[in-house]
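Asker: Before we start, here is the structure in question, set down as structure tokens.
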Amino acid sequence: MNAQLSASATAARAHQEMFAYWASLRRGANLPSRVDLQPAGIKRMLPTVSLIDVKRDPAGAIDYRLRLAGTGLYSVYGREITGKTLNDVYNTAAVEYWRRELDKVVNERRPGVGVHSLAWKGSPHMSILWLRLPLASNGRDVDMILGYDALVGAQVEGSQSGIRAA
């Protein structure tokens, strides 16, 4: 239990650090853009960082594609997810969950944070503590999302702690 609380606290501190970095890139009321990101500014967190493209069709529907998925995310998904859409990565229930959460980030132009169970992939004792931060090339219309994930869960035999880079 103590390891679990420690892992959650570590993940929360990393989220605070990522949020502070993103907030430091804002230009007044304008959102930061992809070109504002400097990998050196978040070097320690890069393994679990993702960049998600926001794709709008002419009718206004939004779809999402993982432009970049840090190498640490491979252990969560068991495969490379860079270049994949939500439908390529998740089952139907998880796609609906992520679409709803990402739509909020896009439409409200505000960060999103939450916990998502990995039960959809057969690991109900594990969860992703996630943070999604809006990016906008023009400072207003969200066209990309910066993601940061931490894997939190019950200690499994042979693992060193309840948190690992997701």
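Every number here is computed from the coordinates shown, using simple stated rules; none is lab data. A quick note: this is a predicted structure, and the numbers were derived from the prediction, not measured. Every residue, glycine among them, receives a Cβ derived from its backbone with ideal geometry; neighbour counts consider all protein chains shown.
Asker: Take the chain, mark every one of the trypsin sites (Lys or Arg not before Pro) that falls in a DSSP loop and has at most 12 other Cβ within 10 Å, then report the longest stretch left between them, sites excluded.
Answerer: 80-139
Asker: Label Glu108 and Ala9 with points 7 Å out from Cα along Cα→Cβ: what is the distance between them in nm?
Answerer: Computed distance between label sites Glu108 and Ala9 equals 2.8 nm.
Asker: Continuing with the same structure: Report, to the nearest 10°, how far helix 2-24 tilts away from the longest principal axis of the Cα atoms in the chain, using its own Cα long axis and a range of 0 to 90°.
Answerer: The angle comes out near 20 degrees.
Asker: Sort the chain into rounded, prolate or oblate with this rule: let a ≥ b ≥ c be the square roots of the eigenvalues of the Cα gyration tensor; rounded if a/c is under 1.5, and if a/c is not under 1.5, prolate when a/b is larger than b/c, oblate otherwise.
Answerer: oblate
Asker: Take Met18, Met126 and order them by how many other Cβ atoms sit within 10 Å, fewest up front.
Answerer: Listed from fewest to most nearby Cβ atoms, that is Met126, Met18.
Asker: Straight-line reach from Lys84: which aspartates and glutamates have a Cα under 18 Å away, not including same-chain ones fewer than 8 places off?
Answerer: The qualifying aspartates and glutamates are Asp53, Asp57, Asp63, Glu96, Glu101, Asp103, Asp143, Asp149.
Asker: Exposure proxy check: His116, His15, His125 ranked by fewest other beta carbons within 10 Å?
Answerer: Fewest to most other Cβ atoms nearby, the residues stand as His125, His116, His15.
Asker: Let me ask something else. Using just the helices of the chain, give the 222 nm mean residue ellipticity in deg cm²/dmol: DSSP H runs with n ≥ 4 each add -39,500 (n - 2.57), and the total is spread over all residues, rounded to 500.
Answerer: Rounded to the nearest 500, the figure is -9000 deg cm²/dmol.
Asker: For the chain, what does the relative contact order come out to in percent, with C-alpha contacts under 8 Å and a separation of six or more?
Answerer: Result for the chain is 27 percent.
Asker: Between helix 92-108 and the chain, what is the angle of the helix's C-alpha long axis to the longest principal axis, kept within 0 to 90° and rounded to the nearest 10?
Answerer: The answer is roughly 50 degrees.
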